[in-house]
Amino acid sequence: MSADPTVRREIPDATVARLPEYLRTLSRLAEEGVLSVSSEELAAAVGVRSAQLRKDLSHLGSYGVRGVGYEVETLALEISRALGLTEDWPVAIVGMGNLGHALASYSGFVTKGFRIVALFDDDPALRGEVVQGIAISPFGHLPRRYAEDPIAIGVIATPAAAAQTVCDALVDVGVRSILNFAPAVLSVPDGVDVRRVDLSTELQILAFHAQQKALAQGALDSLDPIAATQGLAGATGSGPVVAT
């Protein structure tokens, strides 16, 4: 089913971006009691071409079984290993506004291999508040907290103005992976990975597509077939079309 992980080739970034979608679909299939799935079925469920899916999974050393497809649970475990989700990743959230509270309360982190170990905010009104069993601490406690339990991933949920300062402090203590929800572009040294989640940008993109659909629908609704035919005839100078 799969090759030795130690001899796998480097996985392209585009493939890595699709692996979570494959894993999410496989997890749903497993919950439904599905034991095996073909590349065509899995690709259709995810929304990619089957050839693309097979190419992506080949980077994991997985080719499935001809005539049978992929074993759902085995492939899910294989992708989890490739993504590092079989490990325990300590996560700290900085910025405990509405978004920070929502992220800290998300139960899916636990089942996906992530463990919230620290919550930070400098708002005195939040100091000592407990969210999911973790007390909110001043951000100045970061070095001490990191020394107690090294943080693998830092999540920034602060206003844009504070994001770079928070990022610098996370990098200084040793955090090398950062998820940024602040509407700001962060500058980091080599060796530090940053993923940006800009909710406003995503909403703007959706608004654009919604507008395009509305304009297209409006054009169709206003189209008079008879007038359109007469207009076309006048434009070509051929007169009305008469059936013979």
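Restricting to region 129-154, and then to whatever is in a loop (DSSP other than H, G, I, E, B) and open to solvent by 50 Å² or more (accessible area, probe 1.4 Å), can you tell me which residue is nearest to VAL175 (Cα to Cα)?
Among those residues, the one meeting the criterion is PRO150.
Taking the residues in region 16-54 that are touching a residue at least 24 places away in the same chain (Cβ under 8 Å) and charged (D, E, K, R) as candidates, determine which candidate is least open to solvent (accessible area, probe 1.4 Å).
ARG18
Inside region 63-111, can you point out the residues that are more than 19 Å from the chain's Cα centre (by Cα), under 30 Å from PRO183 (Cβ atoms) and polar (S, T, N, Q)?
ASN98
Determine which single condition ASP190 fails, assuming it passes every other condition in (1) part of a loop (DSSP other than H, G, I, E, B); (2) modelled with pLDDT under 90; (3) charged (D, E, K, R).
(2)
Is it the case, given these coordinates, that LEU199 is at pLDDT below 95, surrounded by fewer than 14 Cβ atoms within 10 Å (Cβ to Cβ) and in contact with a Phe, Trp or Tyr (Cβ under 8 Å, 6 or more places away or on another chain)?
yes
What's the total number of residues in region 164-187 that are in a helix (DSSP H, G or I) and surrounded by fewer than 20 Cβ atoms within 10 Å (Cβ to Cβ)?
Number of matching residues: 7.
Looking at region 86-116 only, could you name the residues that are free of Cβ contacts under 8 Å to residues at least 40 places away in the same chain and of a type in the set (A, V, I, L, M, F, W, C)?
Selection gives ALA102, ALA104, PHE109, VAL110, PHE114, ILE116.
The values are calculated or read from the model by the stated rules, or taken from the named source; none is laboratory data. Since the structure is predicted, the reported quantities are computational estimates derived from the model, not experimental observations. FYI the Cβ positions are ideal-geometry reconstructions off the backbone, even for glycines, and counts take in every protein chain you see. Surface areas here come from the heavy atoms of the whole protein model, side chains and all, with no ligands, DNA or RNA. Shrake-Rupley method; radii C 1.70, N 1.55, O 1.52, S 1.80 Å.
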